[in-house]
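Notes follow the structure.
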Amino acid sequence: ILAAAILGVIAIAAFAAPLIAPHDPFDLASFDILDAELPPVWQADGDPRFLLGTDAQGRDLFSAILYGARISLLIGILAVIIQAAIGISLGLLAGYFGGRTDSIVTRLADIQLALSTLMMAIVAMALVRAGLGGEALSQFAVPLLVVVIGLAEWPIFARTARSAVLVEATKDYVRAARAVGDSDWTILRRHILPNSLSPLIIVATTQVAGAILA
C-alpha cells in the first residue's frame, strides 16, 4: 500500500508537471548560464529558486525531473501494453494448442530474445533519420521508442502466459467447460486467461520499469 501511494504521488506529480514545476525546462529563454551547476537548496550554496539545484546549462533539475517523468511513464506503460497484447495472445495459443503452434511461437520468441532492445532501437532510429531526416526523428522519437520496446520484449509475456496455460489447462474447470460444449476460444477468453493473470500482472510491473530504463 505504501509503495502504491508513493507511485501514485510520482504519477500525479509527473502528469501535473506544467502546474507544479517552478520552471519550464523547454523554455530556452529562461536559462541563465550563471545559474549552472548550483547544488540543492539544503546545501551551502543552494538557491531557493532551484529545489534540487541546476545542471550545466542552468536548467532547474526538479522541473526537468517532473517533465521527464511524464515521458518515462508514458513510454513505459504504452510499451508494456504492446508487449502484453502480443505476448499474452501468442502465449495463450502456444500453451493451449501445443504442437506446431507451440513450436512456432517458441522459436519466434527465441529469435526475438537474441536481438537486444538497444540494438533494435538504434537501428530504428538510424533508419528513420536516414529516411525522413533529423526533424522527423525528433517528432516521432517517443512513438518509435514505444513501438520498438514493445516489439522487442513480448517474449517475456509469451513465456509466462504459456507456462500459466499449461498449468491451468489440466484443471477440472477446463474439463467441465469442454463438457458443456464451450469452444476453445471461449475457454481461453473466459476461463484460462482470467486465472492466469496473477503472474502476468507481476511481469507487467517489472516490464514497465525495464521499458523506462531502456
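The values are calculated or read from the model by the stated rules, or taken from the named source; none is laboratory data. Only a predicted model underlies this, so the values are computations on that prediction, with no experimental measurement involved. Every residue, glycine among them, receives a Cβ derived from its backbone with ideal geometry; neighbour counts consider all protein chains shown. Just the protein is used for accessible areas: all its heavy atoms, side chains included, with ligands, DNA and RNA removed. Shrake-Rupley method; radii C 1.70, N 1.55, O 1.52, S 1.80 Å.
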Worksheet item: Using the beta-carbon distance between Asp47 and Leu19 and R0 = 25 Å, what value does 1/(1 + (r/R0)^6) give for FRET efficiency, to the nearest 0.05?
Response: 0.70
Fill in: Dipole axis of the chain (+1 Lys, Arg; -1 Asp, Glu on Cβ), positive-most option in Gln83, Ala214, Ala164
Ala164
Discussion item. Run lengths n ≥ 4 of DSSP H only: what is the helix-derived mean residue ellipticity at 222 nm for the chain, with -39500 (n - 2.57) per run over all residues, to the nearest 500?
Written reply: -22500 deg cm²/dmol
Practice prompt. Would you mind putting 94-104, 58-68 in packing order, based on average other-beta-carbon counts within 10 Å, highest first?
Written response: 58-68, 94-104
Practice prompt. Mind ranking 113-120, 154-161 by how tightly packed they are, going by the mean number of other C-beta atoms within 10 angstrom, highest first?
Written response: 154-161, 113-120
Worksheet, complete the sentence: Mean shadow area (nm²) of the C-alpha convex hull around the chain is 16.6
Discussion item. Can you list the DSSP H helices in the chain whose Cα atoms extend at least 27 Å along the helix axis and whose mean Kyte-Doolittle hydropathy is -1.0 or higher?
Written reply: 61-97
Worksheet item: Can you list, bin by bin at 5 Å, the percent of alpha carbon pairs in the range 9-132, starting at 0?
Response: 2, 9, 12, 13, 11, 11, 11, 9, 7, 6, 4, 3, 1, 0
Worksheet item: Given 5 Å bins starting at zero, what is the percent of C-alpha pairs of the range 1-80 in each, up to the one with the largest pair distance?
Response: 3, 16, 21, 21, 17, 12, 7, 3, 0
Worksheet entry | Viscosity 1.002 mPa s, 20 °C: Kirkwood-radius Stokes-Einstein D of the range 90-177 over Cα pairs, µm²/s | 143
Item to complete: In whole Hz, with x marking every Gly and Pro, tabulate ³J(HN,Hα) for the range 21-26 from phi via Karplus 6.51 cos²θ - 1.76 cosθ + 1.60, θ = phi - 60°.
Response: 5, x, 9, 9, x, 9
Fill in: Under-5 Å amide H pairs with Thr54, H placed in peptide plane, nonlocal only
Glu37, Leu38, Leu61
Worksheet entry | Gap separating the Cα centres of the range 135-165 and the range 57-115, nearest whole Å | 4
Worksheet entry | Inter-probe distance in nm under a simple model that places probes 7 Å from Cα toward Cβ, at Arg178 and Ser116 | 4.5
Response to the item:
Over the chain, with neighbouring protein chains present, the accessible area per residue in Å² at probe 1.4 Å is 59
